[in-house]
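The values are calculated or read from the model by the stated rules, or taken from the named source; none is laboratory data. Everything quoted here is computed from the prediction, not taken from an experiment. Neighbour counts run over all protein chains shown; Cβ positions are idealised from the backbone, glycine included. Note: areas computed on protein heavy atoms with side chains; ligands, DNA, RNA excluded. Shrake-Rupley method; radii C 1.70, N 1.55, O 1.52, S 1.80 Å.
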Amino acid sequence: TNMDRPLGCAIGNSLEVLEAVSVLKGNEVPDFDRVCVALASTLLSLCYGWSREESEKRVYESIRSGAALAKFREWIFAQGGNTEFIDNPKALGSAKYIIEYKAKGSGYISFMNTEVIGKAAAALGAGREKTTDSVDHTAGIMLKKKTGDKVNIGDTVAVLYTNKEDAEIEASRLISEAIIYSEEKPNEEPLVYGIIK
C-alpha cells in the first residue's frame, strides 16, 4: 500500500477498532474500506482459489448481509471479550480532552508525513516513545481531511483525543510540520501498489 498517505482516518487503539466496525457495518471509510476489501479478498483467493473478482464480490456480499459483522462478534465472544462496543461505541471509553486541530494553511493537502502524524498520536498517549511507556487506548487522532482534500485556514483537519493535559500542543506542532499545502490538487496515486502472494 501507499505508506505516504494515511490508509484510514483513525489513529489510535479504540478509534481504529471503531473504524473497523464501521467498515463491517458497510460504511464508507476513505481508503481504509478499500484496503480491508483488498486484504480480505486476497485471503479468500488464496484459501479457495477463487478469482480476484469473485473473492471481492463475496467480501462485499458478506458485508452487505451482515455476515462479516456477525463473524467479528463471534471472534470476540470466543476470546472472552465484550461485544457491547459494536453497538455502543461509548463502551470503549473516551478521552478526557477532545480538541480540533485547525488548518494553518489554505489549498490542497499535497502531502501528509504519516511518520510524523504517528509521532503526534504518540504524544497524545496513543503510542510509546520508550518501551516502559503505557498506551492510552482512548488517545489518538481522527483525520477529517486527507491528502488531496481542499482546505481553508481554520478548517478542522483532525480531532485530537488525549487524557494528558496540554499534550495537544506538541501534537499540533507535529501535525503542522507533517502537512504540506499546494495550490494545485495533487495527482491521485494508487492506494494498493501490488499484492505479493
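Which residue out of K102, K25, K96, K57 is among the charged types (D, E, K, R), open to solvent by less than 90 Å² (accessible area, probe 1.4 Å) and either at pLDDT 95 or above or in contact with a Cys (Cβ under 6 Å, 6 or more places away or on another chain) (or both)?
K102
Among the residues of region 177-190, are any more than 27 Å from E28 (Cα to Cα) and out of contact with any Phe, Trp or Tyr (no Cβ under 7 Å at 6 or more places or on another chain)?
Yes, region 177-190 has at least one match.
Test R34 against the criterion of being under 26 Å from Y161 (Cβ atoms), over 18 Å from the mean Cα position of the chain (by Cα) and not in a loop (DSSP other than H, G, I, E, B), and give yes or no.
no
Does G49 count as loosely packed, with under 14 Cβ neighbours inside 10 Å, over 30 Å from I179 (Cβ atoms), out of contact with any helix residue (DSSP H, G or I) (no Cβ under 6 Å at 6 or more places or on another chain) and small (G, A, S)?
Yes, satisfied.
Collect the residues in region 117-126 that are touching a strand residue (DSSP E or B) at 6+ places or on another chain (Cβ under 9 Å) and either exposed (fewer than 15 other Cβ atoms within 10 Å of the Cβ) or not aliphatic (A, V, I, L, M) (or both), keeping them in residue-number order.
Matches in region 117-126: G118, G125.
Scan region 1-22 residue by residue and report those that are of a type in the set (S, T, Y), part of a helix (DSSP H, G or I) and open to solvent by 20 Å² or more (accessible area, probe 1.4 Å).
Hit for region 1-22 is S22, nothing else.
Can you name the residue in region 156-197 that is open to solvent by 20 Å² or more (accessible area, probe 1.4 Å) and part of a helix (DSSP H, G or I) and is also farthest from I141 (Cα to Cα) among such residues?
Ranking the candidates gives E177 first.
Give the residue, chosen from A67, A78, that is out of contact with any Pro (no Cβ under 9 Å at 6 or more places or on another chain), over 30 Å from E183 (Cα atoms), open to solvent by 80 Å² or more (accessible area, probe 1.4 Å) and not β-branched (V, I, T).
Just a single option satisfies the conditions, and that option is A78.
Which residue is least open to solvent (accessible area, probe 1.4 Å), if the candidates are limited to region 127-155 and must be over 18 Å from A95 (Cβ atoms) and not in a loop (DSSP other than H, G, I, E, B)?
V151
Could you list all residues from region 57-92 that are of a type in the set (G, A, S) and either assigned to a loop (DSSP other than H, G, I, E, B) or more than 22 Å from the chain's Cα centre (by Cα) (or both)?
Residues satisfying the conditions are S65, G66, A67, A78, G80, G81.
Pairs please, first residue from region 98-113 and on the phi > 0 side of the Ramachandran plot, second anywhere and surrounded by 15 or more Cβ atoms within 10 Å (Cβ to Cβ), Cβ atoms under 6 Å, 6+ apart in sequence or on different chains.
G107/Y181
Could you list all residues from region 137-161 that are free of Cβ contacts under 8 Å to residues at least 60 places away in the same chain and out of contact with any strand residue (DSSP E or B) (no Cβ under 7 Å at 6 or more places or on another chain)?
Within region 137-161, N152, I153 meet the criteria.
Which residue out of E56, E16 is in contact (Cβ under 8 Å) with a residue 24 or more places away in the chain and among the acidic types (D, E)?
E16
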